[in-house]
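Enquirer: Take a look at this one; I'll ask things after.
The values are calculated or read from the model by the stated rules, or taken from the named source; none is laboratory data. Bear in mind that the values here come from a model prediction, so they are computed numbers and not experimental data. Positions of Cβ are backbone-derived with ideal geometry, glycine not excepted, and every protein chain shown enters the neighbour counts. To get the accessible areas, we keep the full protein, side chains included, count just its heavy atoms, and leave off ligands, DNA and RNA. Shrake-Rupley method; radii C 1.70, N 1.55, O 1.52, S 1.80 Å.
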Amino acid sequence: MEEEKEQKKLGIDQLEHQLSRLTKTHKLMILSGLTLVVLLLISVLTLPKINHRIREKQIASVVANSFYNGDEIKRVPQDGLATLVQEKNEVTVLIYDPASPFVPELESVLTDPDQLKLFPTVLYVYPIFYDKKEVKKDYQLQADMTLIQYTNHKETKRVKFKDKTEIEMYFVDYLESLTNRP
């Protein structure tokens, strides 16, 4: 026991001696290095969240937000489609590519108050900006714009828009046909 105390005291004395030998410059270098490591860890942990927020803001600025009115039409966040389908028992989603040549027709339908009154349900809109190939593969999309009805977390019906006339003339009819029960 006595020997252990002496060894501890000797170890502490040696550590104090080593620390006293360090010059101010060495202490500053060690402190700078530790600060750099801490800052690096903080940036690594916060960068993904910041990138996600930047992506969402970019999407919001590029996509015509005029038709996301919160009542009849809601935008689905980039990583939120699967979550939406799992959370809702019944949901209708429009998945579309904002680079599609049919976007002006879609916007005209979705901003027309007379058309919006005819919507039988809330329409969730999911613009594909990132990972287009992956999203198209996961949801088996074969057109730039596709309406999909999910019931009990499973796809029940789907409509693919092939030309702008379909969007202008039949969008609400297709939406009604998706939400009607057989």
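Enquirer: Would you pick out the residues in the range 88-111 that are charged (D, E, K, R), open to solvent by 20 Å² or more (accessible area, probe 1.4 Å) and within 20 Å of Arg158 (Cβ to Cβ)?
Expert: Lys88, Glu90, Glu105
Enquirer: Which of the residues spanning the range 121-152 are closer than 21 Å to Glu168 by Cβ and in contact (Cβ under 8 Å) with a residue 60 or more places away in the chain?
Expert: Across the range 121-152, the qualifying residue is only Pro127.
Enquirer: Collect the residues in the range 112-140 that are closer than 22 Å to Asn89 by Cα and either of a type in the set (Asp, Glu) or open to solvent by less than 60 Å² (accessible area, probe 1.4 Å) (or both), keeping them in residue-number order.
Expert: Across the range 112-140, the qualifying residues are Phe119, Thr121, Val122, Leu123, Tyr124, Val125, Tyr126, Pro127, Val135, Asp138, Tyr139.
Enquirer: Also, quick follow-up: I'm trying to understand the selection: among the residues of the range 153-182, which are without any contact (Cβ under 8 Å) to a residue 24 or more places away in the chain and among the hydrophobic types (A, V, I, L, M, F, W, C)?
Expert: Selection gives Val159, Met169.
Enquirer: So, one more: Can we say Gln86 is in a helix (DSSP H, G or I), in contact (Cβ under 8 Å) with a residue 24 or more places away in the chain and within 29 Å of Asn51 (Cα to Cα)?
Expert: Criteria met by Gln86.
Enquirer: Surrounded by 10 or more Cβ atoms within 10 Å (Cβ to Cβ), at pLDDT 75 or above and farther than 19 Å from Phe129 by Cβ - does that describe any residue in the range 55-70?
Expert: The answer is no; no qualifying residue exists.
Enquirer: Please go through (1) at pLDDT 85 or above; (2) farther than 16 Å from Glu176 by Cα for Asp131 and return the number of the only condition it doesn't satisfy.
Expert: (1)
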